[in-house]
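Read the figures in this text as sums done on the coordinates, not as results from a lab. Here the structure is a predicted model, which is why all the values come from computation and not from measurement. Cβ atoms come from the backbone with ideal geometry, glycine included; neighbour counts cover every protein chain shown.
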Amino acid sequence: MPCMLVLHSVQPICFEAGSEGCLTVFGHNLLQPNTRLLVSTRGKYLDAQVANIPP
């Protein structure tokens, strides 16, 4: 049985239109093999840069 993804928070919760931003996602079991976090802007999905920082 796969582990359940638990999303604790996403920061920042809003972005200024037209400016670059960095999205940080906190939670448990985010790096499961079949788990994807999809973020899109202007109808195109963004490439993710993943860093696993232990608590």
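Looking only at segment 4-20, residues that are assigned to a loop (DSSP other than H, G, I, E, B) and surrounded by 10 or more Cβ atoms within 10 Å (Cβ to Cβ) come to 3 in all. Would you tally the residues in segment 21-52 being assigned to a strand (DSSP E or B) and hydrophobic (A, V, I, L, M, F, W, C)? Within segment 21-52, residues that are assigned to a strand (DSSP E or B) and hydrophobic (A, V, I, L, M, F, W, C) number 2. Residues in segment 14-55 that are within 12 Å of the chain's Cα centre (by Cα) and β-branched (Val, Ile, Thr): THR24, VAL25, THR35, VAL39, VAL50. Annotation note: Cβ proximity below 9 Å between a residue of segment 18-43 that is under 20 Å from PRO54 (Cα atoms) and a residue that is small (Gly, Ala, Ser) and assigned to a strand (DSSP E or B) (sequence gap 6+ or interchain) occurs for THR24/SER9; VAL25/SER9; PHE26/SER9; GLY27/SER9. Here GLY27 clears all of (1) surrounded by 10 or more Cβ atoms within 10 Å (Cβ to Cβ); (2) of a type outside the set (Lys, Arg); (3) out of contact with any His (no Cβ under 7 Å at 6 or more places or on another chain) except the condition numbered (3).
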